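Have a look at the structure below before the remarks.
The values are calculated or read from the model by the stated rules, or taken from the named source; none is laboratory data. A quick note: this is a predicted structure, and the numbers were derived from the prediction, not measured. All Cβ positions, even for glycine, are placed from backbone atoms using ideal geometry, and neighbour counts span all protein chains on display. Note: areas computed on protein heavy atoms with side chains; ligands, DNA, RNA excluded. Shrake-Rupley method; radii C 1.70, N 1.55, O 1.52, S 1.80 Å.
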Amino acid sequence: MKTQIELAREGIVTPQMETVARNENFEPEAIRRKVALGEVVIASHPNRKHQRVVGIGSGLRTKVNGSIGTSSDIYDIELEVRKARAIQEEGADTLMELSAGGDLDKVRQAVLANCDLPVGNVPLYQAFCEAARKYKNPNRLDPEYLFELIERQLSDGISFMAIHCGINQFSIERLRKQGFRYGGLVSKGGTFMVSWMEYNKKENPLYEQFDRVCALMKKYDAVLSLGNGIRAGAIHDSHDRAQMAEMIINCELAELGREMGCQMMVEGPGHVPLDEIAGNIMLEKRMSGNAPYYVLGPLPADCGAGYDHITAAIGAASAARHGADLICYITPAEHLALPNEADVREGVRVTRLAVHIGDVAKYPERRNREKQVSLARRDTRWEDQLRLLMFPDRALEIRKSRSPENEKTCTMCGNFCAMERGLSLFEKEIKGDKISVPL
């Protein structure tokens, strides 16, 4: 079976490319060219019949990923299934199943059976969990088992994998020589791989046998997302030498993977000050040959726990504006606890709004929805306004909880409604594009 990028290079427009083109309002040939260049990847497992097809990359709408997963403290498969369904209902584009507690095969299979979104994961989680159970020491993980596990997870229906190929002895040495970090190491998979390398005095097998990783991904036409295992977990660590060493390696591997016919995506931080987000994305795009960039957050401040979904939304809007292609949501539970169903719903909503804000700035030609909302608001056409909003259910809930005496207004201004008064003053002068046509 040939991959999407291999078929695109042969000039073939696949059904998946046609679906992406239709969803994104592109010509199929334009999508084919982007896939051939590696600027767009398509997450679509060939053996999942009821899975949505999602394009990620240059020129497309910025996508939102929601993450779920058990922990060593909380293992509840039904809860994870409910969270997966909630993430899908709230409009996320992809889902990552990141369990690290309990029967990990059962959790993954249950989520895949109950969700239509492309599902990704981090294979190192299960690998180190099972090594810890078997040997009482995760550092005794057998690399051969790791590769077997990657294929088993792919065969279940995983569409994209965050694999920590960019951690190597060179990047670890940068951590030592810079005196470690303010925020430490925050990637579970990345930290345990560093521990494995230190304990065994060996190179990262995922880096050393990168061609083998790509061969497995190609077999299932899965997207290889080059994990950011040494990402900054504090804004004072942003763009330190260790993070940059891994970023350079990942961007180089993205190029090598494309040459092998594998769909490639690069992952980014993490905690990044607002003024550095644009530069971070520029570096990834330039060094990787414009590979799709999957950004975790990013969080432009470290002190917002409890409201870190808001902190991350600010970073996500900036990241989307400057060219990030897929944003992993952050929930209100970030840094505090395992998210519950309410947390994941809120996380998806604020991240969707954030990337929409970024896209409105990135693609000025796609602002018609904003214009139509404004016209409906100006003309106090409440039904049209609610229909055009991203979250009409929440807006209607608030409005009904404080109903106005005059149904054309709201209780913020009541009889002093600026919209109603302004329209009465200038209605005769409205012309051209400012004329409101009820939708």
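Using a Förster distance of 56 angstrom, determine the FRET efficiency expected from the C-beta separation of residue 278 and residue 103, and round it to 0.05.
With R0 = 56 Å, the Cβ-Cβ based efficiency is 0.85.
Take the solvent-accessible surface of the protein heavy atoms, probe 1.4 Å, and return the percent of it on the stretch 308-429 that carbon and sulfur atoms account for.
Result for the stretch 308-429: 56 percent of the exposed heavy-atom area is carbon or sulfur.
Mind checking the angle between helix 210-219 and the chain's longest principal axis? C-alpha axes, 0 to 90 degrees, to the nearest 10.
It works out to around 60 degrees.
Obtain the nm distance between the two label points defined at residue 307 and residue 212 by a simple spin-label model: each point lies 7 Å from its Cα along the Cα-to-C-beta direction.
4.9 nm
7 Å from Cα along Cα→Cβ at both residue 236 and residue 132: what's the point-to-point distance in nm?
If labels sit at residue 236 and residue 132, their model points lie 2.8 nm apart.
If each residue of separation counts as 0.36 nm, what is the full-extension length gain between residue 1 and residue 386 once their alpha-carbon separation is subtracted?
In short, 134.0 nm is gained.
Express in % the proportion of alpha carbon pairs of the stretch 210-325 at distances exceeding 21 Å.
Within the stretch 210-325, distances greater than 21 Å cover 36 percent of Cα pairs.
With angles folded into 0 to 90 degrees, how steeply does helix 368-378 sit against the dominant principal axis of the chain? Use alpha carbons for both and round to 10.
Between helix and principal axis, roughly 40 degrees.
At a Cα cut-off below 13 Å, give the aspartates and glutamates reachable from residue 362, other chains included and same-chain residues fewer than 8 away excluded.
Result set, ordered by chain and number: 325.
For the pairs 371/400; 188/371; 34/434; 83/201; 49/202, flag any whose C-alpha to C-alpha distance is greater than 32 Å.
Violating the 32 Å limit, Cα to Cα: 188/371; 34/434; 83/201; 49/202.
If I fit a long axis through the Cα atoms of helix 15-24 and take the longest principal axis of the Cα atoms of the chain, what angle between them do I get, 0 to 90°, rounded to 10?
Orientation of helix 15-24: about 40 degrees from the principal axis.
Along the Cα→Cβ direction, 7 angstrom out, place labels at residue 396 and residue 427. What is the inter-label distance in nm?
Going from the residue 396 label point to the residue 427 one covers 2.7 nm.
Provide the solvent-accessible area of residue 367, counting protein heavy atoms only and rolling a 1.4 Å probe, rounded to the nearest 10 Å².
110 Å²
What does DSSP give for the chain in terms of the percent of beta bridges that are antiparallel, rounded to the nearest 5?
15 percent
Could you give me the radius of gyration and the Dmax of the stretch 151-293, taking only the C-alpha atoms into account and expressing both in angstrom?
14.8, 42
At 222 nm, what helix-only mean residue ellipticity would the chain give, in deg cm²/dmol to the nearest 500, using -39500 (n - 2.57) for each DSSP H run of four or more?
Dividing the helical sum by the residues of the chain leaves -15000 deg cm²/dmol.
Using a cut-off of under 17 Å, list every residue of the stretch 196-233 whose amide N is near the label point 7 Å from the Cα of residue 180 along the Cα-to-beta-carbon line.
Under 17 Å, as judged by backbone N against the label point of residue 180, lie 196, 198-199, 230-233 of the stretch 196-233.
Above 39 angstrom, tally the Cα pairs of the chain and express them as a % of all pairs, no decimals.
Cα-Cα pairs in the chain separated by more than 39 Å: 22 percent.
How many angstrom lie between the Cα centre of the stretch 152-217 and the Cα centre of the stretch 374-393?
Taking the Cα centre of the stretch 374-393 as reference, the centre of the stretch 152-217 is 48 Å away.
Tell me, what is the FRET efficiency for residue 434 and residue 169 to the nearest 0.05, using R0 = 60 angstrom and their Cβ-Cβ distance as r?
0.40
With a Förster radius of 35 Å, plug the Cβ-Cβ distance of residue 416 and residue 365 into 1/(1 + (r/R0)^6) and report the FRET value to the nearest 0.05.
Once the sixth-power term is evaluated, E becomes 0.45.
So how do 322, 356, 271 rank on accessible area, 1.4 Å probe, biggest first, that is with the largest at the start?
322, 356, 271
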